[in-house]
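S.K.: Just dropping this structure here.
Here, each number is a calculation from the coordinates, and none is a lab measurement. No experiment lies behind these values; they were computed from the predicted model shown. Quick reminder, even Gly has a Cβ in these numbers, built from the backbone with ideal geometry, and neighbours come from all protein chains shown.
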Amino acid sequence: MKTINFNNLLIISFICFFFLGCSSTQLVDISKDDQLDDLLNNIGQVELKISANEEVKKLIIKSIVSLDSDIKINFVNKIDNEVITISKNFLNQEFPYFCRTANDYLAEVTEQYLFDFQKNEEVFIFYSESFKSRAEVIKNRYPSVRIFKLEGDYDDLIKRVFELSGSNGRGDLINRLVQEEDISFVPRPRDDFEKIYIIANYDQSKNFIPSLRFNYILDKEIYVSSQSVTRIENRKKLLDFSKVILAVPNSFLRKDESLNLDELSKLSFLQDLILISAIKKNNGNSQMIAGQFANIRFSQNTCSDMQANLVQINDLGRFSRL
């Protein structure tokens, strides 16, 4: 697999993201205790009204306790203009503070590299039914990409898409003609693509990726949607995604590797949401914050944007920044 030199791209994107979006040059990295303390001191005492179900309330309490701040959370049932409503599926929820959803920001990093900086006709997209609309949006935006639905037997799908049946047939013919020796035959897939993008949840992705490798699709870069891994509880399952490229929250690179990724992604976003909500309510200055979920360009006057990390999962099931 090719190694992507993505650092320069991220640095350029980060600089543009920062200087075009913020009037201040302040950068706050909340993974550093002293900078987090300064940020919380500047926020001071703020009360946030939140409406959520019991499951989400527990996550909010867990995320706010780790901040050790003067931000007060008041859970309410009556909804008004001051109340932040947080749904059960909040990583796909639109909030007034952010320009897009959390999962949209993760997808944006992967898709920006694939479709804005590469030749679109070299990308094959495989999608599950639940991600059909996203695959169709990409196809409408970049007509030269090719999309295929993940359905039926994955081995049969791969043989059909990558035209392996003809190659296997020629190998069988050679073996019949040369009966004196056992010939080791490796099928050669079509060569009009360079990258594969799998838009699916964990169950579909973890079965499809081994099928690709079993059928000798070995030298192509494989990208997956972030939701293939952000719902994983046991990190050992990341071994199913060795060499795969995707975008992940900042906390996946910072935290103890034993932590549940599903809960970690949720706690990270909630902590960033609470901080941004508190800064907004306290009329804080526009600034750049290296949050737990993403790097946030906070703007007091408009919605705030996020920038996530592009990583590759190594053979040990760990995230390596690209």
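S.K.: Can you give the FRET efficiency for ASP315 and SER211, using 1/(1 + (r/R0)^6), R0 = 22 Å, r = Cβ-Cβ distance, to the nearest 0.05?
M.R.: 0.70
S.K.: Among the listed pairs LYS195/LYS255; LYS255/LYS280; LYS32/LYS62, which are separated by more than 25 Å between their Cα atoms?
M.R.: Listed pairs above 25 Å: LYS195/LYS255; LYS255/LYS280.
S.K.: Moving on. Dividing the alpha-carbon Rg of region 267-322 by 2.2 N^0.38 Å yields what?
M.R.: 1.38
S.K.: I'd like to compare 72-82, 267-277: which one has the highest average count of other Cβ atoms within 10 Å, and what's the full order after that?
M.R.: Top of the packing list down: 267-277, 72-82.
S.K.: To the nearest µm²/s, what D does Stokes-Einstein give for region 184-322 at 37 °C and 0.692 mPa s, using the Kirkwood radius over alpha carbon pairs as Rh?
M.R.: Approximately 196 µm²/s, per Stokes-Einstein.
S.K.: Another one. Check cross-link reach from LYS281 to the lysines: straight Cα distance under 18 Å, and skip same-chain residues fewer than eight apart.
M.R.: Here the lysines satisfying the reach criterion relative to LYS281 are LYS49, LYS72.
S.K.: GLN300 to ASP156: FRET efficiency via 1/(1 + (r/R0)^6), r the Cβ-Cβ distance, R0 51 Å, to the nearest 0.05?
M.R.: The pair GLN300/ASP156 has a calculated efficiency of 0.40.
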